[in-house]
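Below is one structure; the comments refer to it alone.
Throughout, read-outs are computed from the coordinates displayed, never taken from laboratory work. None of the values given here were measured: they were computed from a predicted structure. Cβ placement follows ideal geometry from the backbone for every residue including glycine, while neighbour counts extend to all protein chains displayed.
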Amino acid sequence: MPEIRLSATARVIVSTPDHFLKRLTDYFSEHGDVSLAARKGRIALPFGTATIEADDDSLSLRTEGEDETGLAYMKYAIANQMLELANGEKPRIVWAGDCAAGGQPPFFREMRFASARNISPQMRRVTLQGERLARFARGGLHVHLLFPPKSTDRPQWPVTGEDGRPVWPEGAHKLVSRIYTIRNIDADAGKVDIDIVLHEGNATPGSDWALNARQGDLVGMTGPGGGDVPEADWYLLAGDETALPAIGRILARLPSRATAVVRIEVDNPLEEQLLPSGANVDLVWLHRNGRKAGTTTLLQDAVKAVPFPTAGKRVFAWAGCEFAAFKAIRSYLRHERKLERERHLVVAYWRRGFDGDNARKQQEKTAE
Ligand SMILES: Cc1cc2nc3c(=O)[nH]c(=O)nc-3n(C[C@H](O)[C@H](O)[C@H](O)COP(=O)(O)OP(=O)(O)OC[C@H]3O[C@@H](n4cnc5c(N)ncnc54)[C@H](O)[C@@H]3O)c2cc1C
């Protein structure tokens, strides 16, 4: 990580500082490198660090980030988790230091819809135009798109609260958020492409927006998120059409010495895409042939049929798919293939019968 440059501090009064410190470090040990000695904890995440010291009635927090986005993510992550763990208590967190509250979060951009075209019958490539996009080209492939209500010409966007969490517009200005992958980015030209699946469903704000947006329409974008894929010799990449943009970007970045075994589920051959890569790629397309997305076991069966390399190779397995396949694939990689946590990442990109927000909440609650 580049040299740390920005920092912020807060002193937070809590009833049981040591208990809080223990629970915070326990939680973040799932997500990064964490140490806890005596009454001091240190948390290192991909985008920054935090040190937390307990005394008799408070916690002293210090967050650091390599840039504004990194620092904002650290403040947001620590505050969010403290408030989650507060159990009825309402600790007041007020950050002092770099990146003051009040303005738009550094990880937010207002974007304009520039154009769209179908690159296959069910995949629509939307091009968005915006400014200061260089930070979106590294440190994660994904963004949240924030769709304003149709009734407003002048959307309201989130601002950073005193505790570092975004304060979201409410009521008539409430935004709808959906997660997508940046398929292509040209920061100099101020352009990103997002490939959006046109899928079935009654209320599908993301899909609908891709179909109906007009030139100049505004949309919010926050990110980047999701981190980068680690270095490995052998990759397994699996997904349905919602993960096709991510798989395309991962493949494009792999070095020629890497091998990638790729299994992608789409409806039919018309949905296949060319996926350029310098790596040695073994790609198989799986076709549902009219069966509904999220109702088959095609992807999990294909993953289970892939022979893994013999010992000595650094393996990384990645999958993005519907919730049922996510559960099956993650369980297979963890329990049958016994892959360590840092050697696999499996994410539910959507869940049949649940909209974007609820699908994610359910996923967070789901243990293995
Ligand atoms: C990290 C990440 C990256 C993602 N990247 C992309 C991307 O680049 N492109 C992309 O298109 N999607 C991507 N997704 C998936 C996308 O966020 C979801 O599909 C989202 O639910 C779409 O929102 P919506 O408003 O169209 O439908 P929602 O309002 O969320 O859902 C309405 C109904 O449609 C169903 N539904 C949702 N998605 C699908 C689908 N794909 N097929 C069939 N039924 C569906 C739901 O189960 C629900 O019943 C990504 C998700 C994650 C977590």
Share, in percent, of DSSP beta bridges within the chain that are antiparallel, nearest 5: 70 percent
Quick one: THR16, THR310, fewest Cβ neighbours within 10 Å first, how do they rank? THR310, THR16
May I ask for the angle, rounded to the nearest 10°, between helix 244-253 and the longest principal axis of the chain, with both axes built from Cα atoms and the value confined to 0 to 90°? 80 degrees
Mind checking the angle between helix 68-84 and the chain's longest principal axis? C-alpha axes, 0 to 90 degrees, to the nearest 10. 70 degrees
How big is the Kirkwood radius of region 26-151, worked out from every pair of different alpha carbons and given in Å to one decimal? 17.5 Å
Could you give the radius of gyration (one decimal) and Dmax (whole number) of the Cα atoms in the chain, in Å? 21.3, 64
Give the distance, in whole Å, between the Cα centre of region 1-63 and the Cα centre of region 187-202. 37 Å
Dipole of region 6-97, positive end: most advanced residue of SER35, ASN87, ILE52 [Cβ charges, Cα centre]: ASN87
Dipole of region 249-368 [Lys/Arg +1, Asp/Glu -1 at C-beta], most positive-end residue of TYR332, SER256, LEU286: TYR332
Using a simple charge model, +1 on the beta-carbon of Lys and Arg, -1 on the beta-carbon of Asp and Glu, nothing else, what dipole does region 6-97 show about its Cα centre, in debye to the nearest 20? 180 debye
Could you tell me whether region 234-365 comes out rounded, prolate or oblate from its Cα gyration tensor? Rule is a ≥ b ≥ c as square roots of the eigenvalues, rounded for a/c under 1.5, then prolate if a/b exceeds b/c, otherwise oblate. oblate
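Net charge within 10 Å of GLY65 by Cβ-Cβ distance, Lys/Arg positive one each and Asp/Glu negative one each, not counting GLY65 itself?
In short, -3.
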Distance violations [Cα-Cα > 31 Å] among LYS22/LYS338; LYS292/LYS313; LYS22/LYS327; LYS40/LYS90; LYS90/LYS174: LYS292/LYS313
Order the peptides 293-302, 115-124 from the highest to the lowest mean number of other Cβ atoms within 10 Å of their residues. 293-302, 115-124
Placing unit charges on C-beta atoms (Lys and Arg positive, Asp and Glu negative, everything else neutral), compute the dipole magnitude of the chain about its Cα centre in debye, rounded to 20. 560 debye
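When a/c reaches 1.5 or more, the comparison of a/b and b/c decides; with that in mind, is region 108-226 rounded, prolate or oblate per its Cα gyration tensor?
Values: a/c = 1.61, a/b = 1.14, b/c = 1.41.
Since a/c reaches 1.5 but b/c is at least a/b, the shape of region 108-226 is classed as oblate.
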Rounding to the nearest 10 and keeping the result within 0 to 90°, find how far the Cα-based axis of helix 17-28 lies from the longest principal axis of the chain. 20 degrees
Label region 55-107 by shape, choosing from rounded, prolate and oblate, from the square roots a ≥ b ≥ c of the eigenvalues of the Cα gyration tensor; if a/c is under 1.5 it is rounded, and otherwise prolate applies when a/b is larger than b/c, oblate when it is not. prolate
Of the options SER7, ALA77, LEU236, report the single residue whose Cα projects farthest towards the positive end of the charge dipole of the chain (beta-carbon charges: Lys, Arg +1; Asp, Glu -1). LEU236
Would you please name the trypsin sites (Lys or Arg not before Pro) within region 274-368 that are DSSP coil residues with at most 15 other C-beta atoms within 10 Å of their C-beta? ARG291, LYS292, LYS313, ARG314, LYS338, ARG352
Let me spell out the model: positive unit charges on the Cβ of Lys and Arg, negative unit charges on the Cβ of Asp and Glu, origin at the Cα centre of region 234-365. What dipole size does that give, in debye rounded to 20? 560 debye
